[in-house]
Amino acid sequence: MTKSDLIEAVAANMPEHWTKKDVESAVNTIFGAMKHALVSGDRIEIRGLGSFRVKERRPRIGRNPKTGARVDIPARKVPHFTVGKHLKARVEAT
Amino acid sequence: MATMTKADIVEQVYDNLDGFSKKESADIVEMVFESIKETLETGEKIKISGFGNFVVRQKKERTGRNPQTGEEIRIAPRKVLTFKPSQVLKNAINT
């Protein structure tokens, strides 16, 4: 399901005065807000879904697997999602 | 470090939408996350461009070990939900 499919699905379930444009704007605001929070280094906790946080990765020396050459990999941050207990159980059971 | 919750997201949706109440803003935020969960529960993935993909992955059965007792245990085949952040999000976090 893509973002536009999600917008369609949500629009179909909202009262009639919600236009697709309103739904699209809401969906974009939601993910924009979440992205902004992670960029600021904040955690996000969505009850029933899970939580997001930014993890720090230490610098390391990697290798180009083709040539064997050493490659310096600098310290970096990566977003990480932990699925909530309830959803985890529901997905596992399908 | 602050934690963003659904209430903070509702606040921003309310500020960005014209002509909808706080209650309606909360309703749509709830509906968006509900639709995402329902889709993932069927095993279908969710692709949000600019943010990332939520993917349900099938894990095979394997034999694990209780590290305390050394006892072998069978880990049943199961499905797990993973999040693969988009390159756009990864780059934004590192700049």
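The values are calculated or read from the model by the stated rules, or taken from the named source; none is laboratory data. In this text, all values refer to a predicted model and were calculated from it rather than measured experimentally. Glycine gets a Cβ as well: all are built from the backbone with ideal geometry, and neighbour counts include every protein chain shown. Side chains are part of the model used for accessible areas, which takes the heavy atoms of the whole protein and leaves out ligands, DNA and RNA. Shrake-Rupley method; radii C 1.70, N 1.55, O 1.52, S 1.80 Å.
Figures for the structure shown
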| read-out | value |
| --- | --- |
| Residue-normalised accessible area of the stretch A:1-41, expressed per residue, 1.4 Å probe, Å² | 49 Å² |
| GluC sites (Glu not before Pro) within the stretch B:25-61, DSSP loop, no more than 10 other Cβ atoms inside 10 Å | B:E61 |
| Between the stretch B:35-95 and the stretch A:68-94, the Cα center-to-center distance that results, in Å | 7 Å |
| Filter on B:K22/B:K90; A:K88/B:K84; B:K23/B:K84 - keep pairs with C-alpha separation over 20 Å | B:K22/B:K90; B:K23/B:K84 |
| Chain B: angle of helix B:6-16 to the longest principal axis, Cα-based, in degrees nearest 10 | 30 degrees |
| Area hidden from solvent between A and B (accessible, protein heavy atoms only, 1.4 Å, total, Å²) | 4500 Å² |
| Folded to 0 to 90 degrees: helix B:22-41 orientation relative to chain B principal axis, Cα | 30 degrees |
| Rounded FRET efficiency, nearest 0.05, which uses the C-beta distance separating A:D5 from A:R63 and R0 of 35 Å | 0.30 |
| Cα gyration tensor shape of chain A, rounded if a/c is under 1.5, else prolate or oblate by comparing a/b with b/c | prolate |
| Gaussian network model of chain A, Cα within-10 Å springs - most flexible of A:R70, A:R58, A:R43 | A:R70 |
| Chain B - mean residue ellipticity at 222 nm from DSSP helices (-39,500 (n - 2.57) per run, n ≥ 4, rounded to 500) | -12500 deg cm²/dmol |
| Restricting the stretch A:1-39 to GluC sites (Glu not before Pro) in coil, as DSSP defines it, with at most 12 other Cβ within 10 Å | A:E16 |
| The stretch A:43-94 - percent relative contact order, Cα under 8 Å, separation 6 or more | 40 percent |
| Candidates A:K21, A:K77, A:K66: whichever shows maximal mean-square fluctuation once chain A is modelled as a Gaussian network with Cα springs under 10 Å | A:K66 |
| Per-residue [θ]222 nm for chain A (sum of -39500 (n - 2.57) over DSSP H runs n ≥ 4, rounded to 500) | -13500 deg cm²/dmol |
| Charge tally in the Cβ shell below 14 Å around B:G50, where Lys, Arg are +1 and Asp, Glu are -1, B:G50 excluded | +4 |
